[in-house]
Amino acid sequence: MNSIDNDENLSEEEIEESIEEVQRRESNEDEIAKKNIEKSEIENLKTQNDLLKQELADLNNKYLRLAAEYKNYQERSKKEKSNIRSYSLIEAVSAILPIIDDIERTLPSFAKAGEEYEKGLNMILKRTSEALKKLGVESFGEKGEEFDPSIHNASSKIESDENQDEDKETSTVISEVYQKGYKINEKLIRPAMVQVRD
């Protein structure tokens, strides 16, 4: 009975203070619980954010790789097209070269037959040469040029005069051209058939 009497002896003010104290404790506990929940939510959001950042980085890497692959594909296709064009042009020019050779070989004999025939063949030869130049085809192999085995084919060889000075550095030169050589943009179509002099 003593405790009941003590409780009854409490003033209204004390009761109110006790109630306020309990409410404060509950409020603090609620705030702590809210903070814990907020911390948990923040951690979840951070985790989700990290996952999304990683996913974005992965997608960005895939995009960059795909873009690089596409660029490489474009460059490879462009190079293949260029090579196909070059090889096609080489084959077409190679088919025409024997005709030019025949005209060049025929010219000296037409000089005897008549001036008009020679003029006609020279015009054909000139136009054909101009057309080949437009396609990027160059002829080479002239008398007096230095012999280069990478672009000249020596079909015969003659000895040079004995009168040359022994001190001079001798080089092999072309003394006669049997068949001109041709190239497209430094790509050899056909070597020049020549006679060389040592």
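Read-outs: derived from the displayed coordinates by stated rules, not from any lab. Computed from a predicted structure; not experimentally measured. Cβ coordinates were reconstructed from backbone atoms using ideal geometry, including for glycine residues, and neighbour counts include every protein chain displayed.
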Look through region 135-156, keep the residues that are of a type in the set (D, E, K, R) and part of a strand (DSSP E or B), and return whichever of them is surrounded by the fewest Cβ atoms within 10 Å (Cβ to Cβ). Glu146
Consider Ala113 carefully, then state whether it is within 19 Å of Lys180 (Cα to Cα), free of Cβ contacts under 8 Å to residues at least 24 places away in the same chain and surrounded by 10 or more Cβ atoms within 10 Å (Cβ to Cβ). no
Looking at region 75-134 only, could you name the residues that are among the aromatic types (Phe, Trp, Tyr) and either more than 25 Å from the chain's Cα centre (by Cα) or not in a helix (DSSP H, G or I) (or both)? Phe110, Tyr117
Pairs only if they're at least six apart or on different chains, beta carbon under 7 angstrom, first in region 138-159 and basic (Lys, Arg), second exposed (fewer than 15 other Cβ atoms within 10 Å of the Cβ); list them, first residue then second. Lys143/Glu176; Lys157/Asp198
